[in-house]
Structure formats: structure tokens, C-alpha cells
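J.: Just passing along the structure, written as C-alpha cells.
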Amino acid sequence: MGALISRFRFVLLAFALIPGCRQEPTRNDRTIFLTNLPTTQVSAGAERPFALHESELGDVALRGAEVGFDKRRAIVQKPGVDVCFHGVPMAGAVLETAVLYRGPPGAAQAFSVEIIAEGTNGHRSVLWQETLNAPADEDDRRWSEILVPLPDELGERGTLCFRSRCAADNSDDGDDSVNSITLRAVPGWSNPKLILRDLEQASAKEQHRNVIVFLIDTLRQDHLGTYGYDRNTSPNIDALAEESLVFTAAHSAAPWTKASVATLFTSQPPSVHGAEDYQDRLSNAAVTLAETLLRAGYRTGAVGYNGWVFNAKFNLLQGFEERFSVIDHKREGGARADSVVAESIDWLDRNRDKPFFLYIHTVDPHEPYVPTAELRRTFQRQEYTGELTGRLEGSGAHNKRKREQTSAEDVDFLHDLYDAEIRFADERLGELIQYLKENGLWGETTLIVTADHGEEFLEHGGWSHGGSLHQEEILVPLVIKPPISMNIPAARIAEAVGLVDLAPTICSLAGVRAEDLGHFGQNLIPLAMAPRLWKTRIVLSELNKEGIHIVSLRRNDRKYMRYLQPAKGEFLFDLASDPGEHENLLANAPKQELERFRRTLNLHLEQTPRAGIVVEFLSSGAQARVVMNVAMDQGQLDYGLVECEREGDHFRQRSEHDHLFELEVGGSDGRDGVRLHLDRGDTALLTFLVRGAEVDPARILLGSSQRPATSAEVSVSDTDESLWVDEPPAWDARDGVWCRIWNLRPQEVVLDDEEIAELKALGYLGD
């Protein structure tokens, strides 16, 4: 049986740490949700126009389709009834959807499904096709994710058709076997959308400023030669560093893979992007680096091994056209780096004719430490006579040993195995660099070498990673080789930076605009070019999983760390004099410095948005004052903001259970609102005034169908499924002030036995 992981985190808006805040853009800015198109652009079979949202019976409908608790809104259709969307943009567009066999396991019926595009110029193209067979059992049920660019030959606009046929019976629609199939059993297309590339940027790119991120999982910074290590673990990284920007105080956003890589892709802290715990998935509304580069005309690919990144259920790889989770059993605990690099070079061979972004994720030297026999001999200092094996299971497992049970010889032995695996990954990086040079790709390719987190060897009483925010777990290498044409000289930069800075930096190096993407990080190129002009800031790292919640802030060489759960505690370290973080300076710290750290951390905790019922007001017209009253029978109201607090926005608590919001919407501020956090079971009654008059119920839109309210008074609760949506609703500008009320559907990730075994092999999920 699969294991159910049940916790949900969704974030709509992001707040900067210091000072002030910023609004996170939604993907709707450059995304067209096909199911939200007007009826005049939709047809089903011979019927056009077709009201897709109002179709509950018949041959086509919008229904929920689910795998375990991964439930999505989907288009379902009887075989032979095509659903088409007309007059949609095609130039530079990428289609994103997924398809699911919704029938019972073991069913005899198979379906032939395909997506067809036809331009107004007459060009026709089959974008995707597959035969869907019934799953063997519930654990075999899968969404087939689809991300396909539309061919340039289609022209500016055209028609997209989603087609389903009975694979074993291609007779006409009147056949009895076709008519006997109900909408419960047919395939479902998950909320299809078009992502529009930035054609202006794509066509203006005369040079191929390619980007490769080579991430070495679990790599400590201080085990590399360029960072002062005295063992020859990294000759290729060290040579690369000689012609690159080397950041000596780079920090991961979290001490484990999913939360850290999600920050690398989104430039948002873990508490903002929401993929913090084992069961969290990155929201569809997040805008990733791959999506940004895809829209700018880049080919995008991800190759590697780690279930937190490459399992589609966690949704980190949004925007990657091709995603290869390398299958290789030569290494215990995951694919070896030689196989990952071989797959990466194969991808480069197929995609080098256009600008590309390739993300490579190698799992060496992640536990278990199982280097090749040759490298094991090379790095073994002395014959080891102890019990440890470098593995996570069995009598020789080290991960549960306490300090007093471990000798210096044991620790040296594990360091030897770890170093040998680093050398293996480094040699594979050398092969990639050689390929780039031999194939004319070196000059205009930005190559970034980094890690998602580090590794602890009892420095603070623990092993592995994911349990603390001490430097051995979050201080990572960051080496950036920019395009030669940019004339950026090699340099070593000592200012504290984070992986949160990578997305805006890569956009800058690629010549892609990123000003409006809600990035928390900063472009590191100005820092490299003019360090004196760099404004000192705080670098944040977070750990919030399995009941452990820790936050650290670093400013210059001072590091503040607070334990929030389960045990409370504060620490202040001076990393210049105490890089190992052994002396807590809290008791004698300057009061002003300590209060500044505390104030910043409290601001971050207060402004980090949480899931809740979104009440948003939208207007493309003149500025208007909106008044919303929230009345509750019981309980205290907690709320967050849908955008930063403006001068004209006010909140008053008129009584214990009566709350008044006054917001300004329209003009330059086309969107405003609040997110209500109600305790489970509590109900709130909402009433609205716009310009002093009661709101027309027809202008209050509810849930995914955006159906109008029946009254100007709206009752809401966290358990009201009619308000649930699978992702933030798209919005087309309309005259006047409109109110939308919705709540993101609670999501749960279901892992099957194979996925659980894969993550356990890397030391996650426990027993």
C-alpha cells in the first residue's frame, strides 16, 4: 500500500525580509487557462459555442480527477467528442497539461488520446499522443505530465483540440461500445494552459548564452581545494574556480534537498514557496527559473537523480520541457554521476542548436557513502579496523551512533569515503567541461557549480543533514563561470549570499528580464563587479519539517539562530572568530544588534503568509474604496494580506468577533484583499460595500467555477468545498469592482512503495 503524506502549504504572496514587502506575480500574467476562455472560443463535438463550466451532463464536463489525494480539475469527454479551443495564441507558446486514465484498475478498455494543433495558416501538427491502458491497481495509477512547445510553423493563432478514442474500437461514434462508456471511466485532461514565451526577448537573442547548473548533492564547501581543503578531492572544480566568480560565504536556504532546490528555482525562502516538509509540493502558482527561461526562448532540461526533485508529485520541475530521472543501479542509494553526466551530454547533443538551460543533479556524495573501489583506495588514509560501512542500514550504520560511541578513526573513515565520492563527481564534471570545450559551447555557456546543502560529521552531535542550521549543513560552494563575452573577471567574493540569489543572477547572465518575478534574491553580478557598492543584507536559512522549526539570519560574520519548535532557544555566533559555532555570544551581545536580529526575524514570521480563504477585489477602472466586514460567531480572526499594506488600507477590530477592512482598489492598484485564517469548523459572515453602496451579488464570484453569490452576505468556512480551487483562478480584466472568494484545495501527496524505498535509500522518511 502507498503511504499517505498529509499536509498542505500554499503561498500566494511573498514578503521581503527587510524592509517592506513585495507582491508575488501569478502565472496568470503570461498564462492562458483554456478552461477559462469565453464560450465563443470553445467547441465540443459539433456544438459551438460551448459553455464548458456549465456542462455537468452529456458528453463533456469539467470534473475532479484524482490519484490518491492528488485531485485536479480535468476536462472529460466521451470517445469521439473532440474538445477544441479556437483563436488561441500559438507563436512561442508552450502547452502544459496532464492526462489520467480515470477508469477502474484492470479494465479492458484502452483509449487513444492526442492533442492536435492547427494554425489559421492551415498547418496541422500532432503535439502529443499516447495509448492509455487501465492501471493494474490503484498504486499503478499515474498522471502523464505533458509540456510541449507549439511548432513555429503554426503561425500566430489557431485551434487546439483534445481528442479521445477507444483504442480497440475505432468505429463511428454511434457504436454501442462507445455509448456504454460513462464519463466516470473516460480519460481526464488536467486544467490545460498555454505558457506564452517572451517573443521579444527570444527573437532578440543573437548569441547563445546558455546556462548549466551542475548541482552536487550534499557537498560541503570546506571539502574542496578552492575553499582551502588539503586533500585532492576537486581538481576540476579548483581549475574552474580560477576563471570564475567564487563565493566563499554562500548559503543554502535549507539543510535538505526539496526545500533548498525549490528556493534555487523560485528565488523565494522555503516559508514563502511552501515546499518545506516531506509532504509539501511546490504550488502551481510558483514562477520557476525554468518557466522564465522557457518563455524567453530557451530549451529547458533537467537530468539527475533525487526523488525530492524528480518525482513529479512534488512539482519542482515546472517549466522543464524534458525531465530525466536517471535509472542506474550501479550505485547504492541512487544513480551514479557518470550515468547522470552521460544523459546530460546526450541532452546537450539534441538541444545545442538553440539557447538552453540544463539543470544537472548528481547524488554523489550523498549517503550512503559507497565510492568506487579505486577511489576508496586512493582516499583511505589507513586500514580501517572499525565496524562502520558508510551505509545507512545494518550493523555498520553510523547515522544513529552517538558521539561517545564513535572514535576518531570512525570519523576519519567516513570522511575518506565522503571525499572519494566528491572526487568521483568532480571527475564527471571534468567530462562535461571537456565536452563543452570540444563542441564549441564553452565560451557562451554560464556554468554554475553548487550544492543543495552540506553534511554533518558530529560537529554538533549529529550526522548527515536536515536536522540543524549550523554551517556544516548550509555553507555550500558556489562557483559561477560567466559567458566570456560579458568580460566579467574572475574574483573571490566574501560577502554572504544565498542560493536564493541564483535565479535573478542567471536571468541577468542570460539577458532575460526578471524585474517583475517576485524574486527575493539579488543579482550577484553587480556584487562581483563592485563589492564596495554592495549593500549589506541578511541571508536567511530555514528548517521547518517533522516538527522541527529553526530559522537563522546571517549579516556579515554575525549569525543569529532561533529554535522555534519543539524546544525554544536563541544563539548568536561570530563566524570570523568562531567558524565552528561553539560559543554562544547571546548573553553578552550588544542590545541593539540583538534587537535588530529579533525584529527582522519576527517580521519574517509575521509576514510569511499561510493557507486560508482568499477574499480579493479586482478592478481595471478608477480607484474605489472597498469596505468588508467579517463577523464571526466565535473564535479569533487571523488574517494575511493579498498584497502589501498600502497607505489607504486599514483594518479595525470593532469587537471581539467583528472585524472591518477598508481597502483601496483600482487605478494603479488593480488587486487587493485579505486571506482569512479560520479555525476548522468556524464560520465567518462577509458583507461588502463599494463606494458606500452594497455590492451586487452578481459581482461576488465563488470557487473554481466563479459562480455568482446569491446574496450580498456570504458565509465562508475552511471546510466549504464549494470554495475550493486547484490553483488560483485566472482573471480577465472587467469593468468595475469585482470580488472573488476562493480557498486552495487541501493537497496531499501519496507515495507508493517504490518511491518510499527510493527516499529511504537516501536516509529520508525514517522507518
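J.: If Ile345 satisfies all but one of (1) part of a helix (DSSP H, G or I); (2) more than 17 Å from Ile216 (Cα to Cα); (3) under 28 Å from the mean Cα position of the chain (by Cα), what's the number of the condition it fails?
T.: (2)
J.: Between Leu553, Leu605, which is part of a helix (DSSP H, G or I) and touching a residue at least 24 places away in the same chain (Cβ under 8 Å)? Give the derivation first.
T.: On the way: Leu553 fails: part of a helix (DSSP H, G or I).
Testing whether each residue is part of a helix (DSSP H, G or I) and touching a residue at least 24 places away in the same chain (Cβ under 8 Å) leaves just Leu605.
J.: In addition: Output the residues belonging to the range 550-583 that are under 19 Å from Gly466 (Cβ atoms) and either hydrophobic (A, V, I, L, M, F, W, C) or touching a Lys or Arg at 6+ places or on another chain (Cβ under 9 Å) (or both).
T.: Within the range 550-583, Ile550, Val551, Ser552, Met561, Arg562, Leu564, Ala567, Gly569, Phe571, Glu581 qualify.
J.: Give me a count of the residues in the range 361-385 that are of a type in the set (Ser, Thr, Tyr), surrounded by fewer than 23 Cβ atoms within 10 Å (Cβ to Cβ) and not in a loop (DSSP other than H, G, I, E, B). First the steps, then the outcome.
T.: So the first thing to find is which residues in the range 361-385 are of a type in the set (Ser, Thr, Tyr), and the list is 362, 369, 372, 378, 384-385.
From the residues that got through so far, the ones that are surrounded by fewer than 23 Cβ atoms within 10 Å (Cβ to Cβ) too are 372, 378, 384-385.
With the extra rule that they be not in a loop (DSSP other than H, G, I, E, B), the set shrinks to 378.
Going through the range 361-385 one residue at a time, the tally reaches 1.
J.: Now for a different question. Can you pull out the helices (runs of 4 or more DSSP H) entirely within the range 465-539 that have at least 3 residues that are touching a Ser or Thr at 6+ places or on another chain (Cβ under 8 Å) and at pLDDT 95 or above?
T.: Values: elements: 471-474, 502-510, 525-529.
Output list reads 502-510.
J.: Can I ask one more? Can you find, within the range 208-262, the residue that is surrounded by the most Cβ atoms within 10 Å (Cβ to Cβ) among those that are among the polar types (S, T, N, Q) and more than 21 Å from Phe379 (Cβ to Cβ)?
T.: Of all residues in the range 208-262, those among the polar types (S, T, N, Q) come to 210, 218, 221, 226, 232-234, 236, 244, 248, 252, 257, 260.
Now restrict to residues that are more than 21 Å from Phe379 (Cβ to Cβ): 210, 244, 248, 252, 257, 260.
Working: Asn210: 26, Ser244: 24, Thr248: 17, Ser252: 28, Thr257: 27, Ser260: 33.
The residue in question is Ser260.
J.: Looking only at the range 708-723, which residues are within 30 Å of the chain's Cα centre (by Cα), surrounded by fewer than 18 Cβ atoms within 10 Å (Cβ to Cβ) and of a type outside the set (Ser, Thr, Tyr)?
T.: Asp720, Glu721
J.: Also, I was wondering about something else. Take the residues in the range 620-645 that are more than 16 Å from Phe661 (Cβ to Cβ) and at pLDDT 70 or above, then tell me which one is nearest to the chain's Cα centre (by Cα). Don't jump to the end; show me each part of the working.
T.: The initial filter retains those residues of the range 620-645 that are more than 16 Å from Phe661 (Cβ to Cβ), namely 620-623, 633-635.
Okay, now just the ones that are also at pLDDT 70 or above, so 620-623, 633-634.
On the way: Ser620: 30, Gly621: 34, Ala622: 36, Gln623: 35, Asp633: 38, Gln634: 37 Å.
Among those that are more than 16 Å from Phe661 (Cβ to Cβ) and at pLDDT 70 or above, it is Ser620.
J.: Have a look at Gly334, Gly297 and point out the one that is within 26 Å of Gly430 (Cα to Cα) and assigned to a loop (DSSP other than H, G, I, E, B). So that I can check it myself, show each step before the final result.
T.: Values: Gly297 fails: within 26 Å of Gly430 (Cα to Cα).
Exactly one residue qualifies, and that residue is Gly334.
J.: Looking at Leu392, Leu358, Leu388 in this structure, which one is in contact (Cβ under 8 Å) with a residue 60 or more places away in the chain, touching a His at 6+ places or on another chain (Cβ under 9 Å), buried (at least 16 other Cβ atoms within 10 Å of the Cβ) and among the hydrophobic types (A, V, I, L, M, F, W, C)? Write out each step before concluding.
T.: Numbers: Leu358 fails: touching a His at 6+ places or on another chain (Cβ under 9 Å); Leu388 fails: in contact (Cβ under 8 Å) with a residue 60 or more places away in the chain.
Criteria check complete, one pass: Leu392.
J.: Output the number of residues of the range 69-87 satisfying the condition of being surrounded by fewer than 20 Cβ atoms within 10 Å (Cβ to Cβ), modelled with pLDDT of 90 or more and assigned to a strand (DSSP E or B).
T.: Selection size over the range 69-87: 2.
J.: A further question on this structure: So Glu606 passes all but one of these: (1) modelled with pLDDT under 85; (2) over 30 Å from Ile538 (Cα atoms); (3) surrounded by fewer than 20 Cβ atoms within 10 Å (Cβ to Cβ). Which condition number does it fail?
T.: Answer for Glu606: the failing condition is (2).
J.: Could you figure out which of (1) touching an Asp or Glu at 6+ places or on another chain (Cβ under 7 Å); (2) not in a helix (DSSP H, G or I) isn't true of Ala425?
T.: Condition not satisfied by Ala425: (2).
J.: Can you say whether Glu616 is touching a residue at least 60 places away in the same chain (Cβ under 8 Å), of a type in the set (Asp, Glu) and out of contact with any strand residue (DSSP E or B) (no Cβ under 9 Å at 6 or more places or on another chain), as far as the supplied structure shows?
T.: Working: touching a residue at least 60 places away in the same chain (Cβ under 8 Å): yes; of a type in the set (Asp, Glu): yes; out of contact with any strand residue (DSSP E or B) (no Cβ under 9 Å at 6 or more places or on another chain): no.
For Glu616, the condition - touching a residue at least 60 places away in the same chain (Cβ under 8 Å), of a type in the set (Asp, Glu) and out of contact with any strand residue (DSSP E or B) (no Cβ under 9 Å at 6 or more places or on another chain) - is not met.
J.: What number goes with the only condition from (1) in contact with a Pro (Cβ under 7 Å, 6 or more places away or on another chain); (2) closer than 23 Å to Cys507 by Cα that Gly301 does not pass?
T.: Tallying (1) in contact with a Pro (Cβ under 7 Å, 6 or more places away or on another chain); (2) closer than 23 Å to Cys507 by Cα, Gly301 fails exactly one: (1).
J.: Then there is this: Listed residues Leu127, Leu62; which is under 26 Å from the mean Cα position of the chain (by Cα), surrounded by fewer than 22 Cβ atoms within 10 Å (Cβ to Cβ) and in a strand (DSSP E or B)? Please lay out each step first, then the result.
T.: On the way: Leu62 fails: under 26 Å from the mean Cα position of the chain (by Cα).
Matching residue, one of Leu127, Leu62: Leu127.
J.: Here's a follow-up. Any residue at all in the range 255-265 that's farther than 28 Å from Thr226 by Cα and either of a type in the set (Asp, Glu) or not in a loop (DSSP other than H, G, I, E, B) (or both)?
T.: Initial filter on the range 255-265 (farther than 28 Å from Thr226 by Cα): none.
Looking for residues that are farther than 28 Å from Thr226 by Cα and either of a type in the set (Asp, Glu) or not in a loop (DSSP other than H, G, I, E, B) (or both), one finds none in the range 255-265, hence no.
J.: Determine whether the range 135-149 contains at least one residue that is basic (Lys, Arg) and either free of Cβ contacts under 8 Å to residues at least 60 places away in the same chain or within 23 Å of Ser43 (Cα to Cα) (or both). Before the answer, list the steps.
T.: Here is the first cut: in the range 135-149, the residues basic (Lys, Arg) are 141-142.
If we keep only those that are either free of Cβ contacts under 8 Å to residues at least 60 places away in the same chain or within 23 Å of Ser43 (Cα to Cα) (or both) as well, we get none.
Looking for residues that are basic (Lys, Arg) and either free of Cβ contacts under 8 Å to residues at least 60 places away in the same chain or within 23 Å of Ser43 (Cα to Cα) (or both), one finds none in the range 135-149, hence no.
J.: So how many residues does the range 482-503 have that are buried (at least 23 other Cβ atoms within 10 Å of the Cβ) and farther than 19 Å from His453 by Cα?
T.: 1
J.: Could we say that Phe265 is under 13 Å from the mean Cα position of the chain (by Cα), of a type outside the set (S, T, N, Q) and surrounded by 24 or more Cβ atoms within 10 Å (Cβ to Cβ) here?
T.: Values: under 13 Å from the mean Cα position of the chain (by Cα): yes; of a type outside the set (S, T, N, Q): yes; surrounded by 24 or more Cβ atoms within 10 Å (Cβ to Cβ): yes.
Taking the combined requirement at face value, the residue satisfies it.
The values are calculated or read from the model by the stated rules, or taken from the named source; none is laboratory data. Given the structure is predicted, the values throughout are model-derived calculations rather than measurements. Reconstructed Cβ throughout: ideal geometry from the backbone, glycine too, with neighbour counts over all protein chains shown.
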